[in-house]
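*Asks:* What follows is a single structure, and I will ask about it in a moment.
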Amino acid sequence: MQIAEDRLPTRWQSLLFEAKACVFRWRRSLLDLPTSVRRQFHASALRDAPVLAEFRSPLWPAGEAAEYLVAGKIHNLRVAARSLNGIEVPPGEVFSFWKQVGRARKRRGFVMGRELREGCLVPAIGGGLCQLSGALYYSAVRAGLEVVERHRHSRVVPGSLAENDRDATVFWNYLDLRFRAPWPWRLEFALDERELHVSIRGHAPAALAAVPLAPALRKPVPTEDCASCGETECHRYQGVDSSSAYRTWLVEDDWPEFSAYRKAEKSVQDRVLDFAHRAGLRERIAATRAKAARRWLLWRGKPLPQARLGGHQLIAGTYARRLGYKDTHLVVPQSVLPFLWLAGELNGRSFDVLMTALPMHEIQRRLDKAFALHPSSRTLSDFRADPTLAEAERSALERARHWITPHAEILRMAGGRALPLPWQRPALQTTEPRINGKPRVLLPASSLARKGAIELREALTGMSIEALLPPGAEDHADFWRGFRVTCVGSIGEGVDAADIVVLPAWIEHQPRGLLRAIARGKPVIATQACGLPSELPWHKVAEGDTERLRAKISELLVTLRP
């Protein structure tokens, strides 16, 4: 679509507009000096208060000509929502959109979006914030808040809230959105991959009647769009970015299964941020800092799982700084998932999760169950994640498109989100095991209670069996006193020497030793928690069932004897 030459905006008009805007900004700043309008703070007192109003609006409009500007808008909403989500406003105080969000500048993380200016939809830093202010205004009206200041758009874009006179434009800093209430209220924002969600909570003194969406009151006006008008001679024209949004792979815990999946699925347009193989200087620095943080926390006496979380937090911060507005779909390692969620980096993005472990809340539930059976164990209480972190992971996993993993137990928990991968297994060897001399049973893990070491020890009591143990920690120093024990150099060495491989674990996320044993044709006894698929040949026992474990070992010993 071409615009008549005499209708093209001129540089003089733009300079005049900026001069007027500058005067209005100074005027607003002076008027605000004696007022009590201030920035509000995040709080949790009203987190469970009733929802007075909520509103949703789509993030991706149909038929959009410039996808990159929509991605930029979503990024701007993501940045602004960090300062808005979870604030609580005391009774009588005035909420100001700009006082809360601050000026949209590139150095503050805002990018190019699209805004309505002088009758045209133009690319601008911070463009798209009017979707946020419009949703906030509509919610405030429905919640019964007193609107102190609100401005309509100069033109009505088809399909917008302006058609129903429920829009609110904002322009730093003199076109503001302000309201207040005689009771305290809380503001909540969230972005999923499709919609912007706005909620207002509070304890209103009386029931409020919902304000219905008014019928069409304002007539849409055709509006020129810099992304599609084709006027390259216009001084506002910046060219059209033809590149599309990315799928971005975040690589840290790079299991062989994940590496094979990425190799098969990654397209040439995808982006990879690789901390597993230390691809670049930033990645090497972040990985070194994470390793140092883990060692420092271990030196201070923190349990290994908590020390690992400290390292993952550092890497998640580096990921967040590397992500751009075009990274609209992420493939995220589970290790950094809760930190990215708490930082708001997953807002407005779709994402899959590379699952390397059970969710934190499920790990803690299983450890609590094991601790009830073995209260004397010191290692069953060494992992208790911060409740905020565990809840963040739970919320993020509920939003994820897919849980990607070869672990059968995690896939079972994933339900419809499950995207199964095959375990990478050693080549099968057709050997027929036979016991020669004293039977040898391998525990292919550290001798810790969460790995089922206590159950195995009790099951072996009184049996003439040699226990093979790879390097690793023990539940306590004399854990295997009274048993015949042989230490092997590695799990692989132990598998080759063992007659039976047993892992009655409460928690096990990488059953590499079991897979090696199955490939060698060795009998395997394991729990469902080990994540082995049902199609492989192995014997299942329940977690904590010592009697069943003992019976299964005895049964296999009979079948293996010549």
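*Asks:* Once you've got the Cα coordinates, tell me which of LYS20/LYS106; LYS369/LYS522; LYS73/LYS266; LYS20/LYS326; LYS266/LYS451; LYS438/LYS540 are over 32 Å apart.
*Replies:* Correct reply: LYS20/LYS326; LYS266/LYS451.
*Asks:* State the extension gain, in nm to one decimal, for the chain segment bounded by ALA497 and GLU265, taking 0.36 nm per residue of separation less the distance between their alpha-carbons. Kindly include the intermediate steps, with their values, before the conclusion.
*Replies:* Numbers: separation 232, 0.36 × 232 = 83.52 nm, distance 3.87 nm.
The ALA497-GLU265 span can extend by a further 79.7 nm.
*Asks:* Round to the nearest 0.05 the FRET efficiency obtained for ARG321 and ALA43 when R0 = 25 Å and r is the Cβ-Cβ distance.
*Replies:* Details: r = 27 Å, r/R0 = 1.10.
Taking R0 as 25 Å, the efficiency between ARG321 and ALA43 is 0.35.
*Asks:* Tally Lys and Arg at +1 and Asp and Glu at -1 over the other residues with C-beta under 10 Å from the C-beta of ARG550: what net charge comes out?
*Replies:* Working: positive: ARG548, LYS552; negative: GLU455, GLU458, ASP545, GLU547, GLU555.
Here the charged neighbours net out to -3.
*Asks:* Of the listed peptides 490-496, 479-485, what is their order by residue-averaged count of other C-beta atoms within 10 Å, with the highest listed first?
*Replies:* Details: 490-496: 18.6, 479-485: 12.9.
So the peptides 490-496, 479-485, ranked by packing, come out 490-496, 479-485.
*Asks:* Extending each Cα 7 Å along its Cβ direction at LEU15 and SER395, get the distance between those two points in nm, one decimal.
*Replies:* Placing both labels 7 Å beyond Cα along the Cβ direction yields 4.9 nm.
*Asks:* Also: Kindly put THR318, THR379, THR461 in sequence by how many other C-beta atoms sit within 10 Å of each C-beta, fewest to most. Walk me through the intermediate numbers first.
*Replies:* Working: THR318 18, THR379 24, THR461 12.
Least to most surrounded, the residues fall as THR461, THR318, THR379.
*Asks:* While we're looking at this one, here's another question. Could you sort 259-266, 107-114 so that the peptide with the highest average Cβ count within 10 Å comes first and the rest follow in order? Before the final figure, lay out each step's value.
*Replies:* Working: 259-266: 13.5, 107-114: 19.8.
So the peptides 259-266, 107-114, ranked by packing, come out 107-114, 259-266.
*Asks:* Another question, if that's okay. Provide the packing ranking of 121-128, 28-35, 398-405, i.e. peptides ordered by the mean count of other C-beta atoms within 10 Å per residue, highest first. Walk me through the numbers on the way to the answer.
*Replies:* Numbers: 121-128: 22.1, 28-35: 10.6, 398-405: 19.1.
Ranked by mean Cβ neighbours within 10 Å, highest first: 121-128, 398-405, 28-35.
*Asks:* If R0 is 22 Å, what FRET efficiency do you get for ARG107 and ARG28 from their C-beta distance, rounded to 0.05?
*Replies:* For ARG107 and ARG28, the calculated efficiency is 0.50.
Just so you know, all these numbers are worked out from the coordinates, no wet-lab data involved. Computed from a prediction, not measured in an experiment: that's the story for all the values here. No Cβ is skipped: glycine too gets one built from the backbone with ideal geometry, and neighbour counts run over all protein chains shown.
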